[in-house]
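Notes follow once the structure below has been shown.
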Amino acid sequence: MSQSLKTINDIQAALDHYNATYRREGLREWEWGQQLDLHLDERRDELTLCWKDSWPHGDRAGVYFVFAQDEHLLYVGKASMGSCMGARLSSWFQGSCDEICKIRGTWSDRPAHVRTLAVADEMRFEAAALEEFLINKLCPPDNCVGVKQIRYIEQASDKPEIIATQTILSSAAETDSN
């Protein structure tokens, strides 16, 4: 498993692989949310939200991605059955819209912005599968505490066998208990 820094393009490639390998046809597509910059007080363009805006897909289940200023992925989190992405993100990034963003936890690099990927309401459970797959495929630096690495072995039937190979004991961001 590569330890190189991952970007949004790597996430999209991993999602394409997941979609082609594990999802059945006919399911509703996931919905990307706009980028939300944790340190902007005002929008710089129509595509980027600022700290004063609401979390993209904040009331939905799905997967969220935390990036450093240089666009590399720091963390993948999820909100699934009993939670929503806005609540999960607010546990990491706090403060009212009149304040600056207060970042909780220990990070390998300073979080700069967030992207969300919402799942269909009837597929809330898929957020947990997506999060697990993406963490193991992309190995973000701040997701490695206590996570089992998974090795995917392609078999002749083209159905991967999943084998837990080791537990990583490196220090990183606080463990996401959700």
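None of the figures in this text is laboratory data; all of them are computed from the coordinates on show. Please read these numbers as outputs of a predicted model, since none were measured by experiment. Here the Cβ positions follow ideal geometry from the backbone for every residue, glycine too, while neighbour counts run over all protein chains shown.
Of the residues Phe93, Phe65, the one with the fewest other Cβ atoms within 10 Å heads the list, and the complete ranking is Phe93, Phe65.
Neighbouring Cβ atoms within 10 Å as the yardstick, rank Trp107, Trp92 fewest first.
Working: Trp107 18, Trp92 22.
So the ranking, lowest neighbour count to highest, is Trp107, Trp92.
What full-extension length gain, to one decimal in nm, is calculated for Glu29 and Asp53 as 0.36 nm per residue of separation minus the Cα-Cα distance?
On the way: separation 24, 0.36 × 24 = 8.64 nm, distance 2.46 nm.
So the extension gain works out to 6.2 nm.
On full extension, the segment bounded by Glu46 and Asp109 gains 20.0 nm, given 0.36 nm per residue less the C-alpha separation. Calculated FRET efficiency, Thr21 to Ala120, Cβ-Cβ distance, R0 = 22 Å: about 0.70 to the nearest 0.05.
Using the alpha carbons alone, the radius of gyration of segment 18-93 stands to its Kirkwood radius in an Rg to Rh ratio of 1.00. The order of Arg28, Arg115, going from fewest to most other C-beta atoms within 10 Å of their C-beta, is Arg28, Arg115.
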